[in-house]
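Okay, structure first, notes after.
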Amino acid sequence: MEVIKNRKVLQDFIERQKEMGKRIGFAPTMGALHKGHLSLYEEARKENDLVISSIFVNPTQFNNPEDLAKYPRDVNRDILILENSGLVDAVYIPEITDIYPEKAESKHYDFDGLENEMEGKSRPGHFDGVGTVVEELFRQVQPDNAYFGEKDFQQLAIIKKMVEKKHLPVKITGVSIYRAENGLALSSRNQRLHDSRKEASTVIYQTLKKVNDWFRTVTVPEIKERVTDIFDDQQGMKLEYFLIADEETLKETDFFYKDRNFRAFIVVEVDGVRLIDNMHLD
């Protein structure tokens, strides 16, 4: 596996691959890799001649400097995980000046309102930061296909919208949430939780399954009330928000329309760690 640490080396590498006509699959990360990330590369391996990863903790998508400082970083461990997986041909680990040559600041994007829902309400500018770094990485890596997990479903929708509006020649594929055996969605932030708290946090997944069972037989306000009651009884957990939204517009709904697809979204703070999950409602 090639480890590429600056933009010029990446440019030369990509030019060689393109000259050979290789189809490139790409999944960018912020490191702290786990099996959820590897599931993206498994998917990429099926459809591409060359699979590329990247590791870059993007400062412009953090609203809270403390959250940025706490974000887990262990590049040597991440490289070893990628090498041992046998799924990745190259990993790009840029310096900040490779992404932001002058100043680390975001472009401004219009995502047709997707950026104003859910996470966008409490994290202003977050998705401008996501769009900026992903667009720049796409322009440097020049992938044919790119892969993102459905755990961050709003981010996935934002990236699809950016590609559409910028007319970028890359196909975006969403990959199903990778869960531990107990159902907890794998996340880099989970590494900050004690094992006993990870186990307790499976209530998030169990709640989403209940929501799916209640879907179309219980009103949305009643579902929201039941979810609130569940987390009122959980010690050390704080329900930040729960909602049901249209999968296309991400707008919250209080009523089910039979010709639309809906998804339940939940954010729970566990011992100061923010856990995000969602589930398509059948």
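Within straight-line reach of residue 209, meaning a Cα separation under 12 Å, sit the following aspartates and glutamates at least 8 residues removed in sequence or on another chain: 277, 282. Taking only protein heavy atoms and a 1.4 Å probe, the accessible area of the chain is 46% carbon and sulfur. A 1.4 Å probe, protein heavy atoms only, puts the accessible area of residue 195 near 110 Å². For residue 29, the solvent-accessible surface with a 1.4 Å probe is about 10 Å², rounded to the nearest 10. Note on surface exposure: 162, 279 rank 279, 162 by accessible area, highest first, 1.4 Å probe. Placing pseudo-labels 7 Å out from each Cα toward the beta carbon at residue 95 and residue 73 gives an inter-label distance of 1.4 nm.
Summing +1 for each Lys or Arg and -1 for each Asp or Glu among the other residues whose beta-carbon sits under 12 angstrom from that of residue 270 gives +1. Can you give the accessible area of residue 166, probe radius 1.4 Å, in Å² rounded to 10? It works out to around 90 Å². Using just its DSSP H runs of length 4 or more, each adding -39500 (n - 2.57), the chain gives a mean residue ellipticity at 222 nm of -11500 deg cm²/dmol after division by all residues. Per-residue Karplus couplings for the stretch 170-180, computed as 6.51 cos²θ - 1.76 cosθ + 1.60 with θ equal to phi - 60°, are listed in order as 9, 8, 9, 10, x, 10, 3, 4, 8, 10, 5 Hz, Gly and Pro entered as x. For the stretch 1-139, the per residue solvent-accessible surface stands at 49 Å², with DNA, RNA and ligands left out and a 1.4 Å probe. GNM remark for the chain: springs join alpha carbons under 10 Å apart, and the peak mean-square fluctuation among 125, 21, 149 falls on 21.
Under a cut-off of 18 Å between alpha-carbon atoms, report the aspartates and glutamates in cross-link reach of residue 70, not counting same-chain residues fewer than 8 places apart. Partners found: 78, 269, 271. For residue 26, nonlocal amide neighbours, meaning residues 5 or more places apart or on other chains whose placed amide H falls under 5 Å from its own, are 52, 145, 146, 147.
Annotation: per residue accessible area for the stretch 231-274 equals 57 Å², rounded to a whole number [probe 1.4 Å, protein chains only].
Please go through the residue pairs 8/151; 121/166; 35/151; 22/107; 107/165; 8/107 and name each one whose alpha carbons sit more than 21 Å apart in this structure. Listed pairs above 21 Å: 8/151; 121/166; 22/107; 8/107. Summing +1 for each Lys or Arg and -1 for each Asp or Glu among the other residues whose beta-carbon sits under 10 angstrom from that of residue 10 gives -1.
When 37, 108, 194, 280 are compared by accessible surface with a 1.4 Å probe, the order from highest to lowest is 108, 194, 280, 37. In the stretch 216-282, the ratio of gyration radius to Kirkwood radius, Rg to Rh, stands at 1.00 when only Cα atoms are counted. One quarter of the convex hull surface built on the alpha carbon atoms of the chain amounts to 15.1 nm², the projected area averaged over directions.
The values are calculated or read from the model by the stated rules, or taken from the named source; none is laboratory data. The model shown is predicted, which means the values in this text are computed figures rather than measured ones. When we count neighbours, we look across all protein chains shown, and the Cβ atoms used for this are built from the backbone with ideal geometry, even at glycine. Heads up: the accessible areas ignore ligands, DNA and RNA and are worked out on the full protein's heavy atoms, side chains in. Shrake-Rupley method; radii C 1.70, N 1.55, O 1.52, S 1.80 Å.
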